[in-house]
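Worksheet: the structure to be examined is printed underneath.
The values are calculated or read from the model by the stated rules, or taken from the named source; none is laboratory data. What you are looking at is a predicted structure, and each value in this text was computed from that prediction instead of being measured. Cβ placement follows ideal geometry from the backbone for every residue including glycine, while neighbour counts extend to all protein chains displayed. Calculation scope for accessible area: heavy atoms of the full protein, side chains included, ligands and nucleic acids excluded. Shrake-Rupley method; radii C 1.70, N 1.55, O 1.52, S 1.80 Å.
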Amino acid sequence: MSRPSSQRPRRPATPPPDDLEPYPHDRFDPALGHHDGIHFEGTDFSGVHAEGGAFLECVLTDAALDDAHLEGSRWSESRWERVHGAGLALQEGALADTTFDGCRLAAVSAWGASWRDVTVVGGKVDFLNLRGAALRDVAFVDCVVTELDLQETTVDGLTFEGCTLVAPEFGRGRYARLDLSGAQLREPRGLAGLRGATLSRGQVIELADALAAELGIVVAD
């Protein structure tokens, strides 16, 4: 299916440089607030408090982020590969030109965050809270996302390609260039608030009863 003409091409993510400095410790030490050109391979971020930290051209590989506090942190030209964890706090953080590849995360709190040129490829995210966030040119590709909260979110370019969204919730947001046509939607909520979004014809037919119910329309057989 051709993409709507209003959907501008996404800028390819800028890969981090190859000559990254290996992080010298098994466990992350938040004492240094700014990290530039670091490779965190197998690093344990579990339970750390690194609120407001800055990460430029960094790579996280096989890192553990259970209950990691990264509120207000800033990530630019970075990459997360096969990271895992539950209870990750990213609210009010800023992500730019960053890629998540094959990650397995749960209970991710990213409300009020700012994401620009972010790509999520493969993997699974359970309970992703992006309520009130600002998303610009963000793409989810070939992944599963459950309990995605996009209420009150400001969107200017958000696509889902080959994704399964389980119980996503919409409403009271601004959804410019939100393209759901490449996703499988299971039990979505807040369909009546999707003004401005793009759905495939098949999705509209499939979701007709749910949309009618939300609008209080009685469908006669």
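Close Cβ contacts (under 8 Å, 6 or more residues apart or on different chains) running from residues in the range 198-221 that are touching a residue at least 24 places away in the same chain (Cβ under 8 Å) and in a loop (DSSP other than H, G, I, E, B) to residues that are open to solvent by 60 Å² or more (accessible area, probe 1.4 Å) and not basic (K, R) comprise S200/M1. Checking each residue in the range 71-88 for being free of Cβ contacts under 8 Å to residues at least 24 places away in the same chain, buried (at least 19 other Cβ atoms within 10 Å of the Cβ) and assigned to a loop (DSSP other than H, G, I, E, B) picks out E71, S73, V83, L88. When every residue of the range 166-174 is checked against the conditions, at least one turns out to be touching a Pro at 6+ places or on another chain (Cβ under 8 Å), of a type outside the set (S, T, Y), open to solvent by 30 Å² or more (accessible area, probe 1.4 Å) and in a strand (DSSP E or B). Of the residues A176, A212, the single one that is over 14 Å from the mean Cα position of the chain (by Cα) and over 21 Å from L128 (Cβ atoms) is A212. Within the range 1-22, the set of residues being open to solvent by 40 Å² or more (accessible area, probe 1.4 Å), of a type outside the set (D, E, K, R) and modelled with pLDDT of 90 or more comprises P22 only.
Highlighted here are the strands (runs of 3 or more DSSP E) found entirely within the range 89-144 that include at least 1 residues which are in contact (Cβ under 8 Å) with a residue 60 or more places away in the chain and within 20 Å of D66 (Cα to Cα): 94-101. In this structure, F45 does not qualify as without any contact (Cβ under 8 Å) to a residue 40 or more places away in the chain and either crowded, with 17+ Cβ neighbours inside 10 Å or on the phi > 0 side of the Ramachandran plot (or both). In this structure, does T98 turn out to be under 26 Å from G47 (Cα atoms), at pLDDT 95 or above, among the hydroxyl-bearing types (S, T, Y) and open to solvent by 10 Å² or more (accessible area, probe 1.4 Å)? Answer is no for this residue.
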